[in-house]
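Visitor: Here it is, the structure in full.
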Amino acid sequence: MTDATAGTTADELRPVLYRAARIVSQQPRPGPEPEAVAVAHGLVTATGTVAQLRDRFPAAEVVDFGDAALVPGLNDAHIHLAIAAEDLLHLDLSAAAVAGVDDLLRQVRAEASRAAPGEWIRGSRYDDTKTGQLTRWDLDRAAPDHPVLVVQVAGHWGVVNSPALKALGIDEDSSPPEGGEFGRGADGRLDGRLVERALMNVVYPATARGAASPLRPSSPQDKLRGLARAQRQWHAAGLTSVCDALIAPEDIALLRLARAEDELTLRVGMLLSIDHYGAAQALGVGSGFGDDMLRLVGVKAFVDGAIGGRTCLLAEPYADSEGHGLQTTPTEELFAQVRAVHGDGNRIGVHANGDAAIRLVLDAFEAAQREMPRSGLRHRIEHCTVVDADIVERMRQLGAIAVPFAGYVAYHGGALNRWYGPERTGRMFAHRSFLDAGVTVAGSSDYPCGPYQPLLGIQSMVTREGMDDGETVGAVQRTTAAEALSVFTLGSAEAEGTSHLKGRLAPGYLADFTVLGEDLTTADPHGIASVPVRATYVGGECVHEA
């Protein structure tokens, strides 16, 4: 899209002028905000007062959004589009969709009654804290003749029933894979929980490492339906760009198919699973490969578990248990992965939640940089949840990018204080600390692990309060609304290497913008999540209108 205007002056493009009562342009130089933006061939070609732009482009069409506010297109730097496309074809078992375990089981039972004999029943976004405890035996009663898999909302463990264990070849004497666990009850028997790698090998093809899964993949046409639904939902929430943070070759094929059929309306960056990096190396494909609609951001690796799943690797034990979490990738293997990607001049994003895990990642980044200096190559720490002053300073010196959860305080609320303790939650999702230290920080939902709505993420960053219980979690990390908006635009663009194209409404930038019913920077902080999204534009094309 950026090549569309090569050799053409702005005056020859006959742009469309977009006006709103308030435009938050995030222009690079201080000055008054524009009254309107001119858009042509997918780009912002000019900004200024309405009178200036009318004089310059007398034949231009004018679109007036009235009392609305215009902001740069919202960009989620860590979300899972391919996973969402599959999940949307199966049961939604989120706390918003089920009223307790009995209702969850009722939905599983109903789905089993409609399924072919022996067909897998799948559900996602189950929240054990809000919905209640679920076991293998519960699922056996609901669907005795079907294998069932229910994935917990954090995406790092799930529950299966007895037919599923049999289909997976897991019995009481089975050993879990390295970096994973099989849950057991007080009696020592398998309770159906598959934790970390034990789940990943079954559900996520991007991390399968050649392991065969009995789950039958949905057809490309079915996945296109799920993809279309996800895009509609996310555009309605104001998103114009995302980075899919765990991609396999078949996911790339799906996104290319959607684009070929003119059904890809989100701009998508991709982090390729480290388990598939060899194929990219062989093809000479690396960070930045692609174009403005579909590009490879880098490579994704893992080192620990989840915040909501309570499996992240901590230096000190959890506040409500004696555990320290799990390291899912051995240290030597992690160093080798970082060394390989860094040595090729590519960006790597490593999933690390706990402080012990983040220190391992920084050790690996520092070692690779010492051995093979790469000026300007900036790696990412995905989630980067539990930090301290030393971690933040090491990141600043490396130029590492933090991609923490934006909406987890709003979603989990006071449970975070119980799991991690109030002192530690003051060092979690540390947007304030990163901003103050000059560390680039991007906006992320990690959906389906957290709510995908960026406005909820922004409200969570500003208030640091749970949306259900109103409990304050780490108030010291609060940001302003303007800072949170910048995180979800400029910060996310920096994290994917597109800060020269995205995050501003300024000449030469992509014409991606979100039309809001109220100016976020002056709105009541507790009402940000409910500000209406009136329209969403990608490349000057309307992809959502309320």
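Visitor: What does the net charge come to around D320 if you take all other residues with beta carbon closer than 9 Å to its beta carbon, with K and R at +1 and D and E at -1?
Guide: Working: positive: R310, R418; negative: none.
That sum, taken over residues with Cβ under 9 Å, equals +2.
Visitor: Pull up all non-local amide H partners of R534: gap of 5 or more, or a different chain, and H-to-H distance under 5 Å with H placed in the peptide plane.
Guide: V515, L516, G517
Visitor: Same structure again: Here are some values of Cα extents along the principal axes in Å: [x] 104, 81, 47; [y] 142, 73, 50; [z] 79, 55, 50. Which one was computed from this structure?
Guide: Answer label, from the structure shown: [z].
Visitor: Restricting to the chain, what percent of DSSP beta bridges are antiparallel, rounded to 5?
Guide: On the way: 36 of 75 bridges.
Approximately 50 percent, going by the DSSP bridge assignments.
Visitor: Give the aspartates and glutamates reachable from K166 as a straight Cα distance under 14 Å; neighbours fewer than 8 places away on the same chain don't count.
Guide: Straight-line reach from K166, under 14 Å: E119, D140, D145, D191.
Visitor: Also, quick follow-up: On a straight-distance basis, which lysines could pair with K502 in a cross-link, Cα separation under 25 angstrom, same-chain partners fewer than 8 positions away excluded?
Guide: Partners found: K300.
Visitor: Can I ask one more? Round to the nearest 0.05 the FRET efficiency obtained for S174 and R374 when R0 = 56 Å and r is the Cβ-Cβ distance.
Guide: Details: r = 43 Å, r/R0 = 0.76.
According to the calculation, E is roughly 0.85.
Visitor: Per residue of the chain, what 222 nm ellipticity follows from adding -39500 (n - 2.57) for every DSSP H run with n ≥ 4, rounded to the nearest 500? Please report the intermediate quantities before stating the final value.
Guide: Numbers: 20 runs with 171 residues, N = 546.
Rounded to the nearest 500, it is -8500 deg cm²/dmol.
Visitor: Shifting gears a bit: Using alpha carbons only, how many angstrom separate the centre of the stretch 62-121 from the centre of the stretch 235-300?
Guide: 21 Å
Visitor: In addition: Just need the relative contact order of the stretch 482-546 here, percent rounded to a whole number, with Cα pairs under 8 Å and 6+ apart.
Guide: Values: 76 pairs, mean separation 15.4, N = 65.
About 24 percent, as a whole number.
Visitor: Assuming R0 = 45 Å, can you tell me the calculated FRET efficiency for the pair A116 and T522, based on Cβ-Cβ distance, to the nearest 0.05?
Guide: Details: r = 55 Å, r/R0 = 1.22.
The value I calculate is 0.25.
Visitor: What relative contact order, as a whole-number percentage, does the chain give when Cα pairs under 8 Å and 6 or more residues apart are counted?
Guide: Once normalised by length, the contact order is 17 percent.
Visitor: Further question on the same structure: Distance from the Cα centre of the stretch 141-193 to that of the stretch 504-546, in angstrom?
Guide: Here the answer is 43 Å between Cα centres.
Visitor: If the reach is capped at under 18 angstrom between alpha carbons, list the aspartates and glutamates near K130, excluding any in the same chain fewer than eight residues apart.
Guide: D92, D102, D103, D138, D320, E465, D468, D469, E471
Visitor: When only C-alpha pairs under 8 Å and at least 6 residues apart count, what is the relative contact order of the stretch 139-268, in percent?
Guide: Working: 145 pairs, mean separation 20.7, N = 130.
After rounding, I find 16 percent.
Visitor: Suppose every K and R has +1 on its Cβ and every D and E has -1 on its Cβ; what is the size of the dipole of the chain about the Cα centre, in Debye to the nearest 20?
Guide: Details: 49 positive and 71 negative charges, 114 e Å.
Dipole about the Cα centre, nearest 20: 540 debye.
Visitor: Using a probe radius of 1.4 Å on heavy atoms only, what accessible surface per residue do you get for the stretch 34-158? Whole Å² is fine.
Guide: Details: 4660 Å² over 125 residues.
With the other protein chains kept in place, the stretch 34-158 gives 37 Å² per residue.
Visitor: Could you tell me whether the stretch 392-517 comes out rounded, prolate or oblate from its Cα gyration tensor? Rule is a ≥ b ≥ c as square roots of the eigenvalues, rounded for a/c under 1.5, then prolate if a/b exceeds b/c, otherwise oblate.
Guide: On the way: a/c = 2.28, a/b = 1.42, b/c = 1.60.
Cα axes put the stretch 392-517 in the oblate bin.
The values are calculated or read from the model by the stated rules, or taken from the named source; none is laboratory data. Values in this document were obtained by computation on a predicted structure and should not be read as measured data. Cβ coordinates were reconstructed from backbone atoms using ideal geometry, including for glycine residues, and neighbour counts include every protein chain displayed. Heavy atoms of the whole protein, side chains included, go into the accessibility calculation; ligands, DNA and RNA do not. Shrake-Rupley method; radii C 1.70, N 1.55, O 1.52, S 1.80 Å.
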